[in-house]
Amino acid sequence: MKSSIDDAQYDDERLISLIAQSREDALSQLYDRYSYLVFSIAVAIVDDRSTAEEITLDVFVRVWQKSGSYRADRAKVRTWLTHIARHHAIDVLRRQSTKLDSYTISWDGVSSSATLSAQDPQELTELSQRREHVRAAISRLPEDQKQALALAYYGGLTQLEIAEALKQPLGTIKTRLRLAMQKLCDLLQDEQELVDTSIEAVPAYSMNRDDS
Amino acid sequence: MSDNTHVLDLLPAYVLGGLEADEASHVERHLLSCLICRTKANALQNVNEQLSFAVPTVTPPSDLKNRLMQRVQAARLQQMPPSAPGRSWQERFLPVWGIASLALIVILAAFNLALWQRLNQLEVVTAPGGMVAIPLSGTGEAPSATGFIIIGVDGRNGALVVDRLPPLDNGQQYQLWLVRDGRIISGAVFSTDEENYGGTRIEVSESLLEYSSVDVTIEPSGGSPQPTGAKVLGGPLFAPKFLITPSG
């Protein structure tokens, strides 16, 4: 008889391993930890709660089905979930053929009362601090760079599509994205040192293929 | 300031998924061999990861979890083995048809849904014509992996069918090993398809009936003289106490 999962014992990778063994209690715990993240990403991209709910369900069902293909040496679980959520939401957005209002997509959002989920109080504190740090870094970007970054991240637009949407030269958009990411790279250097740098850069498209 | 031999200028858009497909493929190929660009890509990937912290946090509805668990449970009830109606098991076997001998093809054609289900329950099954299908089990490295060995009545014809093996890196393949009295020989080197399903003919000079167990490991492309990688599948070749006669 399998014992139920003790919340204090299992890290994310172990939960994925248990999900691969069809442990529903492991999926339940993973959902408790990351449902806010997946749902938030979905809402930010599709701007519709009902659709975001379906996306969230699809993401965790996909985790249930694809957990056996998760590779801890390629990405952390959080990164993996973020990629699945973001790309699925973008796919839904594209299928809906929603005309993208480039001027409404932004990094500004209602500050929510949703609490982060963490395994212990120290981790919760670290997550909250990191969130504030990242938001502060983004706020320091020039508006044109923030806008281009938002269209790429939330809208899933290519550089060419951003250029067309904003009626700007492609070279201008390339420069804005490059400068934005480089500035964030510099500002978030301390955060990056906390990240396991042994994790290999996961090609975005190969992860997309894994998730399909 | 971009160096034409590198893709540094493309990396920010690449990690965001903002390149056209042909550009992204170009970057991916370049990253395989360029440490400078790969190091930069890693740093930018970390930034990409951090961006998720900036997403405005919204609480999902309280009933969403119940809906998820109901959906998962419903999916489990609907889960069909490969040979179920609606998902033609013949289609799953098709890659093996082209590999196995004509006798094996004829025997496999006689298998039915109940037989496949029994294989999934790890029962050794004899089929018409005296052929044997022996299930294999996944290891800790690949707990979801399944497979079976089909051996002809004379032991000389054999085939391996696998499913849900873990995906491999470029430059890797699976290798089947036959074990007897501490001696290990290679039976086949093979790859799986994009759904992690595959099959291969087993080619050995001796009868397969002479071997006691099989292992499947991950090896460099082309195979190795001896097992070097992780074992993902395996099992005893014969367990007479489990041998049963098919009912139909």
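Taking all protein chains together, A:Arg33, B:Arg164 sort by accessible area into B:Arg164, A:Arg33, largest first [probe 1.4 Å].
Loop-resident GluC sites (Glu not before Pro) (DSSP state other than H, G, I, E or B) in region B:148-224 with no more than 15 further Cβ atoms inside 10 Å of their Cβ: B:Glu194, B:Glu195, B:Glu203, B:Glu206. Placing +1 on the Cβ of every Lys and Arg and -1 on the Cβ of every Asp and Glu, with no other charges, gives region B:145-192 a dipole of roughly 100 debye about its Cα centre. Taking only protein heavy atoms and a 1.4 Å probe, the accessible area of region A:38-102 is 43% carbon and sulfur. Shape analysis of region B:8-55 yields a ratio of the Cα radius of gyration to the Kirkwood radius, Rg/Rh, of 0.99. Note on region B:125-236: Kirkwood radius taken over Cα pairs, Stokes-Einstein applied at 25 °C and 0.890 mPa s, translational D equal to 176 µm² s⁻¹. Interface B-A: total buried accessible area of about 5800 Å², 1.4 Å probe, protein heavy atoms only.
The values are calculated or read from the model by the stated rules, or taken from the named source; none is laboratory data. Given the structure is predicted, the values throughout are model-derived calculations rather than measurements. Cβ sites come from the backbone with ideal geometry, for glycine too, and all protein chains shown count toward neighbours. Protein only, heavy atoms only, side chains kept; ligands, DNA and RNA dropped before computing areas. Shrake-Rupley method; radii C 1.70, N 1.55, O 1.52, S 1.80 Å.
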